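Report on the following structure.
What follows is calculated from the coordinates using simple rules that are stated; it is not laboratory data. The shown structure was predicted, so the numbers you read here are calculated from the model rather than taken from an experiment. Glycine gets a Cβ as well: all are built from the backbone with ideal geometry, and neighbour counts include every protein chain shown.
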Amino acid sequence: MGIWLVGKRQTKRTDYFLKAAEQLHIPVSFADWNEVDQVDLAGEVVKLDPPSYQTTDLFEMNDRIREYMDALRGLENRGCRFLNPPGGICRVLDKRACKEELARHGVPVTEMFSEQIGNAAELSDAMERHRCYAVFVKPVFCSGAAGVMAYRMNPGREREAAYASCRLEGGELINTKTLYRTEDSGEIRRLLDAVLSLGAVVERWYPKSAFRGKSYDLRVVWQFGKAAFMVVRQSRGPVTNLHLNNAALEVERLSLPENTLSEIKGLCSAAMSVFPELAVAGIDILLEKGAMRPRIIEINGQGDLMYQDIFCENRIYQEQVRYMAAGKALPE
């Protein structure tokens, strides 16, 4: 039995996983996604990392992610065992299906609109029906805040505002990796039409807890039945993803009460029990302002890259290497 990492060369995920293996003196073989079809994985234990997309066009990125899901499914019958199996990664990659499954099992999540919404006019109608005038709009399959919009309208005063991490340029929807605010109704409509055309979820915009003037949420790396790492993601705007150059903070700085920390860990455990095939996941959690109730924003079956860990002790990846070397990965 050998250990394989499938991913992309010269990325921090690959470099630091292999560095963790080297530090532990455990051999790990590597295959790039474009060569994995030529590798015999039968009898091996495999970790799957995501490819990197060499495009800023969200329409093209959406197509690449669908191709990636096909590639994942193509690995399901290779006779190997996985740290996280392809089917499990796909189950949580679909934001709508993931949140619906969590809600069916009674796991608190940020509430989604149930209807499929395809354009800005349909969104306005749905917001009126739900009497919910502040929402997040997120492409179903994208990650890292790609294409995310926070939108608020005031029907009485006929004012609206949007925060977006994308722009329309020459017919392309460009992922900017920076957040900007606009009150231009025409620009907002065009952006909403474009993002919603990708296939998107619409979620109620919950006020987040704040620390020293910045709102925050949490990314928890949960692996092997426990919280392996937790980081605070802070922002002066509504979108806290670290891909947007937001500030990361040690969770200890918040001085959260023990009962809140216990609730967060209990919520993670309950969520992972809905997807028992996953040994590892990155879980994004919101704490409601005032009540401090935790809710799951989303789950990422490949959300284990934490710069605050790899540049320090690299504990997350070392624990994964040890687990795989012990042959404890899920059965074939």
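A few remarks follow.
- Crossing angle, helix 95-104 versus the chain [Cα axis fit, 0-90 degrees, rounded to tens]: 90
- When the chain is reduced to its Cα atoms, the Kirkwood hydrodynamic radius in Å: 20.7
- Cα centroid separation, region 23-65 to region 282-313 (Å): 23
- Each residue of region 230-237 was assigned a 3J(HN,Hα) from its phi angle through the Karplus curve 6.51 cos²θ - 1.76 cosθ + 1.60 (θ = phi - 60°); the sequence is 9, 9, 8, 10, 10, 7, 7, x Hz, with glycine and proline shown as x.
- Net charge, SER185 excluded, C-beta distance under 11 Å - Lys, Arg +1, Asp, Glu -1: -2
- Per principal axis, descending, Cα span of region 108-179 in whole Å: 32, 32, 20
- Anchor LYS177: aspartates and glutamates whose Cα lies under 17 Å away (excluding residues fewer than 8 positions away in-chain): ASP57, GLU60, GLU169
- Considering only alpha-carbon pairs that sit under 8 angstrom and 6 or more positions apart, the relative contact order computed for region 158-227 is 21 percent.
- Positive contributions from Lys and Arg (+1) and negative ones from Asp and Glu (-1), summed over other residues with Cβ under 14 Å from the Cβ of ILE117, come out at 0.
- Once backbone amide H atoms are built at 1.01 Å from N, SER215 has SER235 as its partners under 5 Å, excluding neighbours fewer than 5 places away on the same chain.
- Summed side-chain charge close to MET61 - residues other than MET61 whose Cβ falls under 12 Å, Lys, Arg +1, Asp, Glu -1: -3
- When the Gaussian network model of the chain links Cα atoms closer than 10 Å, the mean-square fluctuations of ASN77, ASN314, ASN300 top out at ASN77.
- For region 186-332, the calculated P(r), taken from all Cα-Cα distances in 10 Å bins from zero up to the bin holding the longest distance, is 10, 36, 34, 16, 4, 0 percent.
- Cα-based helix-to-principal-axis angle, 120-130 vs the chain, degrees rounded to 10: 80
- Mean separation of Cα contacts under 8 Å (6+ apart) over length of the chain, as relative contact order %: 20
- Crossing angle, helix 258-274 versus the chain [Cα axis fit, 0-90 degrees, rounded to tens]: 70
- In region 8-125, Cα pairs under 8 Å separated by at least six residues give a relative contact order of 21 percent.
- Point-charge dipole on Cβ atoms (K/R +1, D/E -1) for region 246-308, about Cα centre, debye to 20: 200
- Relative packing of peptides 88-97, 18-27 - highest average C-beta neighbours within 10 Å first: 88-97, 18-27
- Each peptide in 285-291, 45-51 receives the mean, over its residues, of other Cβ atoms within 10 Å, and ordering these scores from highest gives 45-51, 285-291.
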